[in-house]
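Trainee: Let me begin by handing over the structure; questions about it come next.
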Amino acid sequence: MSKQITFTIDGETCKAEEGTYILDAARKNNKYIPTLCNLEGIPPKGACRMCTVKINGKLVTSCTTRVTDGMQIESEDPGLDDLRKSILEMLFVEGNHLCPSCEKSGSCELQALAYRYRMTVPRYPFFFPRRNIDSTHPKIIKDHNRCILCKRCIRAIKDQNGKSIFAFLNRGHHTKIYVDPDLADKLTDELADRAVEICPVGAIMKRGDGFKDPIGERKYDKQPIGSELEQQL
Amino acid sequence: MEKPVIATTSLAGCFGCHMSLLDIDERILELIELVDFNKSPINDIKTFTRECDIGLIEGGCCLDENVHVLEDFRKHCRILVSVGECAIMGGLPAMRNGIPIRECLEEAYLNGPTVRYTNNEKIMPNDEELPIMLDRVYPCHEVVKIDYFLPGCPPRADLIWNALTALINNREMDLPYEVFKFD
Ligand code: SF4
Ligand code: SF4
């Protein structure tokens, strides 16, 4: 067994195995650090920057930084909270997020974080990009208006040879997610369900499914995202 | 002390936000004790007859007329509140943003499945009485300064009530989690 180390998050003493990423270590100690791209059990990416914390006055992404003995981590502070909120606001203006007509609404992690941080209106002007909805695949529908390019689908959905079924197409502002045409038929029903589940937003939807859970009973209707962890304290 | 005065309007909205305001149920009796209403579709007062304390704006700006009304509200109301997703970010009408206006009009009047075979004269409404469509739908705060924002489609009645009573009594809004929603 590897060495147990001690560190603090916002002044509270925590323990973890040496070499653990800060975000995972925080989870183990029932401390919630927000994230949109991180997925337990999948190598981290550092794509969304929501998990930014402060160590020695420096900002680092907690999903890609390993915890060390005696480390003092600041996670909840008004400056960091505003930084995270500003990331959410950028994501909202960069795509087209029409929550009232979105199947993921109520169970969407982006929206849930915006609730948690009480985002009423983004401080940035809306882009209103023209993006399309791709329904060419027999199992899933991709709504590019909602994709936040977190790469969860690319990193987590693989065929039996370990090849990613999803991939990025184009670059920069034109980047979009697509299903590798050569691997399209490798997307089994189980994998399609999993893709829908892990997509933090409503960018991957199952064909013929939608609005299954009534308003009031969806994942984040009553409890803020992260409260599952925080309540275990 | 004089009662605070409220004005309301629906720009490019569906009146759902106004319905949600009425959805405060019997508290409406309390509300009319607390405030007076000026220009509003609820009492059908069409023009401002005095300066107001609070203006509630439903809907974004889709037409030149919406801009004029919104500017009029800014002029006459001390506090302006964007009520609902359409006022805050354009809402469903903003689905046309990013699509050239000619393409929208052609789809609506010439090419759409319900008009393709019926609009034989290829008429597009073009009367000078009609308000002019803007190039895109604008959130209200991109047109005038907005002081507060109440999200929701529509904002829950309890959120509106919470915010209104806070404004009337000069306390901070608490935006409770269970009623702070974008849908
Ligand atoms: S993906 Fe989430 S934030 Fe975007 S429209 Fe859907 S519910 Fe709203
Ligand atoms: S489709 Fe979903 S999981 Fe994939 S990159 Fe976009 S937001 Fe992330």
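Trainee: Given the rule -39500 (n - 2.57) for each run of at least 4 DSSP H residues, summed and divided by the residues of chain A, what is its mean residue ellipticity at 222 nm, to the nearest 500 deg cm²/dmol?
Mentor: Working: 6 runs with 51 residues, N = 233.
My calculation for chain A gives -6000 deg cm²/dmol from helical runs alone.
Trainee: Looking at B:ILE101, B:SER40, B:VAL81, which one has the Cα that reaches farthest to the positive end of the dipole of the range B:1-154 (charges on Cβ: Lys, Arg +1; Asp, Glu -1)?
Mentor: Checking the options against the dipole of the range B:1-154, the answer is B:ILE101.
Trainee: Principal axis lengths of the protein assembly as shown from Cα atoms, whole Å, largest first?
Mentor: Its Cα atoms span 77, 63, 36 Å along the three principal axes.
Trainee: Could you tell me the center-to-center distance, by alpha carbons, between the range A:42-74 and the range A:144-207 in angstrom?
Mentor: 26
Trainee: Another question, if that's okay. Taking the alpha-carbon distance from A:LYS163 and a cut-off under 18 Å, which lysines remain once sequence neighbours fewer than 8 residues away in the same chain are dropped?
Mentor: A:LYS45, A:LYS151, A:LYS186
Trainee: Please express the shape of the range A:4-75 as an equivalent ellipsoid: the semi-axes are the square roots of 5 times the eigenvalues of the C-alpha gyration tensor, given largest first in whole angstrom.
Mentor: Values: eigenvalues 61, 36, 21 Å².
Equivalent ellipsoid semi-axes, largest first: 17, 13, 10 Å.
Trainee: So what is log10(I(q)/I(0)) for chain B at q = 0.08, 0.12, 0.15 1/Å, when the Debye sum runs over its Cα atoms only?
Mentor: The Cα Debye sum returns log10 ratios of -0.29, -0.61, -0.87.
Trainee: Further question: Rounded to the nearest whole Å², what accessible area per residue is found for chain B with the 1.4 Å probe? Spell out each step's value before the answer.
Mentor: Numbers: 9560 Å² over 183 residues.
Result: 52 Å² of accessible area for each residue.
Trainee: Where the only charges are on Cβ atoms (+1 Lys, Arg; -1 Asp, Glu), what is the dipole of the range A:4-75 about its Cα centre, to the nearest 20 debye? Numbers along the way, then the final one.
Mentor: Details: 9 positive and 8 negative charges, 48 e Å.
About 240 debye.
Trainee: How many lysine pairs are close in the range B:1-158, with Cα atoms under 27 Å apart and the two 8 or more places apart or on different chains?
Mentor: 9
Trainee: Quote the total accessible area buried by chains A and B together, excluding ligands, DNA and RNA, probe 1.4 Å, nearest 100 Å². If you can, show how the numbers build up before the last one.
Mentor: Values: alone 12690 and 10710 Å², together 21070 Å².
When A and B are taken together, about 2300 Å² of accessible area is lost.
Trainee: May I have the extent of the alpha carbons of chain A along their three principal axes, as whole Å values ordered from largest to smallest?
Mentor: 52, 44, 36
Trainee: Normalise the Debye intensity by I(0) for the range B:1-67, one equal point scatterer per Cα, no solvent, then take log10 at q = 0.18, 0.29 Å⁻¹ and round to two decimals.
Mentor: -0.72, -1.39
Trainee: Please work out the Cα center distance from the range B:1-47 to the range B:96-160, rounded to the nearest Å.
Mentor: Result: 25 Å between the Cα centres.
Trainee: Here is a further query. Reachable lysines from B:LYS181, Cα under 22 Å, same-chain residues fewer than 8 places away excluded?
Mentor: Within the straight-line limit of under 22 Å, B:LYS181 reaches these lysines: A:LYS85, A:LYS104, A:LYS212, A:LYS219, A:LYS222.
Trainee: Tell me the net charge near A:ARG66. Cut-off is 13 Å between Cβ atoms, A:ARG66 excluded, with +1 for each Lys or Arg and -1 for each Asp or Glu. Intermediate results must be reported in sequence, preceding the final value.
Mentor: On the way: positive: A:LYS3; negative: A:GLU17, A:GLU18, A:ASP24, A:ASP69.
My count for the surroundings of A:ARG66 gives -3.
Trainee: All other residues with a Cβ under 10 Å from the Cβ of B:ASN38 taken together, and with Lys, Arg as +1 and Asp, Glu as -1, what is their net charge? Mind dumping the intermediate values first?
Mentor: Values: positive: B:LYS39, B:ARG50; negative: B:ASP36, B:GLU51, B:ASP53.
Within the 10 Å Cβ shell, the charges total -1.
Trainee: How large is the charge dipole for the protein assembly as shown, taken about the Cα centre, if only the Cβ atoms of Lys, Arg (+1) and Asp, Glu (-1) carry charge, to the nearest 20 debye? Provide the component values of the computation, followed by the final result.
Mentor: On the way: 53 positive and 63 negative charges, 347 e Å.
Using only the charged Cβ atoms, the result is roughly 1660 debye.
Trainee: Roughly what would the spin-label model give for A:ASP209 and A:LEU83, points 7 Å off Cα along C-beta, in nm?
Mentor: Label at A:ASP209, label at A:LEU83, 3.6 nm between them.
Trainee: Follow-up question, since we're still on this one. Which lysines have a Cα less than 17 Å from the Cα of A:LYS28, not counting those fewer than 8 places away in the same chain?
Mentor: A:LYS3, A:LYS15
Trainee: Moving on. With labels modelled as points extended 7 Å from the Cα through the Cβ direction, what inter-label distance (nm, one decimal) is found for A:ASN132 paired with A:LYS58?
Mentor: Label at A:ASN132, label at A:LYS58, 4.5 nm between them.
Trainee: Can I ask one more? Can you tell me the equivalent ellipsoid semi-axes for the range A:84-208? Use √(5λ) from the Cα gyration tensor, largest first, whole Å.
Mentor: Values: eigenvalues 136, 45, 34 Å².
After scaling each eigenvalue by five and taking roots: 26, 15, 13 Å.
The values are calculated or read from the model by the stated rules, or taken from the named source; none is laboratory data. Only a predicted model underlies this, so the values are computations on that prediction, with no experimental measurement involved. Counting neighbours? That spans all protein chains shown, and the Cβs are built from the backbone with ideal geometry, glycine included. Calculation scope for accessible area: heavy atoms of the full protein, side chains included, ligands and nucleic acids excluded. Shrake-Rupley method; radii C 1.70, N 1.55, O 1.52, S 1.80 Å.
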